[in-house]
Amino acid sequence: MISFIGNRPALQIGNHQVLDYDTAWLEDALRRAARAADHEDFPLVSEIRNGIELYLEHKCALRLLRLEELFERMRKMLVKIGCERIAEKLEPLAPPLTLSLVRVATAAGNGFELAFFENIRTEITALHDAGAEVIRFTGLRESTLILRGEEKWNKRCDSLLAEIQAFLKACDCESRDTRFRKLSVEA
């Protein structure tokens, strides 16, 4: 059996599911919408976040909730309390999430670095389009070994590791829109 944090449903973000999340990102999304609607001093952000948290933990019967559905429910709630302009400006924002490079390397296969890099770019783009701004990558060394087809670390692994790190750094810098994006890597 899967244990859910605070009895919250898992969130579906693109092709990924997030089980372990706090709700600080909800407050960020609400503050951004209030700012975009020229309500910089909107005083109800914390109360609305607490209401959403209560909904997720006690009222939501779903075990899996798509991020888009959550934000649509938030918009309806904002309209219901008379905050139509903020509801119009509310954009989906995902909680920070983790992406395993081992999974991407295994899917690409031994010796298929180009497919690996393209798959990472596709994943980052899809997650960013779905509202993810903070993505943490894990399994960097293991994915390097998989791509090189090696069991022990060697100089060829060092060079590929440097290429992957440079690629992720470049992806962190390129953003197609004004939304913030932060990528981090754990070995």
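Relative contact order for the chain: 21 percent, from Cα pairs under 8 Å spaced at least 6 residues apart, divided by residue count. Given the alternatives (1) 18.2; (2) 17.8; (3) 19.4, Kirkwood radius over Cα pairs in Å as computed for this entry is given by (1). Amide H contacts of Ser184 (H built 1.01 Å from N, in plane; Pro and chain starts excluded): Ile135, Arg136, Phe137 sit under 5 Å, all sequence-distant by 5 or more or on other chains.
Taking trypsin sites (Lys or Arg not before Pro) in DSSP loop states with no more than 11 other Cβ atoms inside 10 Å as exposed sites, the chain has its longest site-free stretch at 64-151. Using just its DSSP H runs of length 4 or more, each adding -39500 (n - 2.57), the chain gives a mean residue ellipticity at 222 nm of -16000 deg cm²/dmol after division by all residues.
Each principal axis of the Cα cloud of region 97-185 was taken in turn, and the coordinate range along them, longest first, works out to 41, 21, 20 Å. Counting Lys +1, Arg +1, Asp -1, Glu -1, what net charge surrounds Ala61 among other residues with beta carbon under 14 Å of its beta carbon? Summing Lys/Arg as +1 and Asp/Glu as -1 gives +2. Here region 110-140 is scanned for amide nitrogen atoms under 20 Å from the site 7 Å beyond the Cα of Ser159 along Cα-to-Cβ, giving 110-118.
Our estimate of slack between Glu69 and Glu47, defined as 0.36 nm per intervening residue step minus the Cα-Cα distance, is 5.9 nm.
In this Cβ point-charge picture (+1 for Lys and Arg, -1 for Asp and Glu), region 97-185 has a dipole of about 180 debye about its Cα centre. Rounded to the nearest 10 degrees, the angle from helix 67-80 to the longest Cα principal axis of the chain is 20 degrees.
Quick check for me: using +1 on Lys/Arg Cβ and -1 on Asp/Glu Cβ, what's the dipole size of region 1-93 about its Cα centre, in debye to the nearest 20? With Lys and Arg at +1 and Asp and Glu at -1, about 300 debye. Summary value for region 97-185: 38 percent relative contact order, contacts being C-alpha pairs under 8 angstrom separated by 6+ residues. Just to confirm the number: angle between the C-alpha axis of helix 24-36 and the first principal axis of the chain, 0 to 90 degrees, nearest 10? Once rounded, one gets 60 degrees.
Enumerate by residue number the GluC sites (Glu not before Pro) in region 75-158 meeting two conditions: DSSP loop (anything except H, G, I, E, B), and at most 10 other Cβ atoms within 10 Å of the site's Cβ. Here the GluC sites (Glu not before Pro) that fit, given the DSSP loop and packing criteria, are Glu151. Sorted fewest first by neighbouring Cβ atoms within 10 angstrom, Cys171, Cys157 come out as Cys157, Cys171. Cα axis of helix 45-54 to longest principal axis of the chain: angle in degrees, 0 to 90, nearest 10? The helix 45-54 is inclined about 70 degrees to the chain.
Since every read-out is calculated from the coordinates, none of them should be taken as a lab result. Since this is a predicted model, take the numbers as computed values, not measurements. We place every Cβ from the backbone using ideal geometry, glycine too, and count neighbours over all the protein chains shown.
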